[in-house]
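We did not get these values from a lab; they are worked out from the coordinates using the rules stated. Quick caveat, the model's predicted, so the values are computed rather than measured. Here the Cβ positions follow ideal geometry from the backbone for every residue, glycine too, while neighbour counts run over all protein chains shown.
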Amino acid sequence: MRVLIIEDEELAQKKLQKTLQSVDATAQVVGIADSIRSSVNWLQSNPAPDLILMDIELADGQSFEIFEKVEVKSTVIFTTSYDEYALKAFKVNSVDYLLKPVQKEDLQAALDKLKGLKALYSTPAATPALNVDSLVKELQQKLQPKDFRKRFLVKHAQKLLSIEIDDIAYFYSDGRLNFFKTNDNKKFVVDYTMDELEEMLNPDRYFRISRSFYVSVASIDQIHDYFGNRLLLHLRPVVDKEAIVSREKVSDFKKWMGK
């Protein structure tokens, strides 16, 4: 199997070559490119490899530009530091991706998948194993900064108020109603479900600790262990119900708090 590596970090290049050899001794690295420009030049000057291991972020831009400048006839496996949830488009197009640092077992699984794909084509080297144009468009859409809500319009007495997102400490549900509390301890009804809020709130700012709570980092005063491998949060301003991080959310919550 002929492999092209597109990666701009020399250490990552060497590590990827070593990992590749450990999982497939027949793999031959036929080229290494460290930029969009050098990648395009290599692909224009050489026969299409069987596989390209491609980093997304290169020194001169995102590697998606390569697809706009040259026809890519090879199967592509992306290596990237991006979060898994931003990369669902890869799965849709039957393309794999490896989160850095690349692990041996992950690369092995990706190569096994590639071999399975090749079996579907009579001339795999000459026939693209994926819809590259569709892939690039979906990934560009996925990785563009999302426009999250900056404010909420709420009813207060006989008036409508616009509350800036920076002033909201947390969101929670109580019975059939959903609320948010501001940093100065004012409570408002919000006319959205918790699931709808998930699409509106910046995940760097708010975390859904359970079905009934979204909290901001600034609102967390104390964190305590709680029975059932859960966590109990003391929020500010004080809330009149327990803010508990559900067991399945604990690991992700700790990562979020450590960003």
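Label-to-label distance, Ser251 versus Lys104, with points set 7 angstrom from Cα along the beta-carbon direction: 2.2 nm.
Amide H to amide H distances under 5 Å link Ile6 with Ala33, Leu53, Met54, Asp55, where only residues 5 or more positions off or on other chains count and H is placed in the peptide plane.
Residues whose amide H comes within less than 5 Å of that of Asp60, counting only those at least five positions distant or on another chain, are Ile36 (H built at 1.01 Å from N in the peptide plane). If you model segment 1-87 as an ellipsoid using its alpha carbon gyration tensor, with each semi-axis the square root of five times an eigenvalue, the axes come out at 18, 17, 12 Å, biggest first. By the equivalent-ellipsoid construction on the alpha carbon gyration tensor, segment 1-45 comes out with semi-axes of 20, 13, 5 Å, ordered largest to smallest. As a quick test, which of the pairs Lys159/Lys186; Lys159/Lys181; Lys104/Lys249; Lys181/Lys241 have an alpha carbon distance above 20 angstrom in this structure? Pairs exceeding 20 Å: Lys104/Lys249.
Along its principal axes, segment 186-259 has C-alpha extents of 33, 24, 21 angstrom, given from the largest down. Between Leu235 and Asp221, the built amide H atoms are under 5 Å apart, and every one of these is 5 or more places off in sequence or on another chain. List the trypsin sites (Lys or Arg not before Pro) in segment 148-221 that DSSP assigns to loop (not H, G, I, E or B) and whose Cβ has at most 11 other Cβ atoms within 10 Å. Which are they? Those satisfying the criteria are Lys150, Arg176, Arg211.
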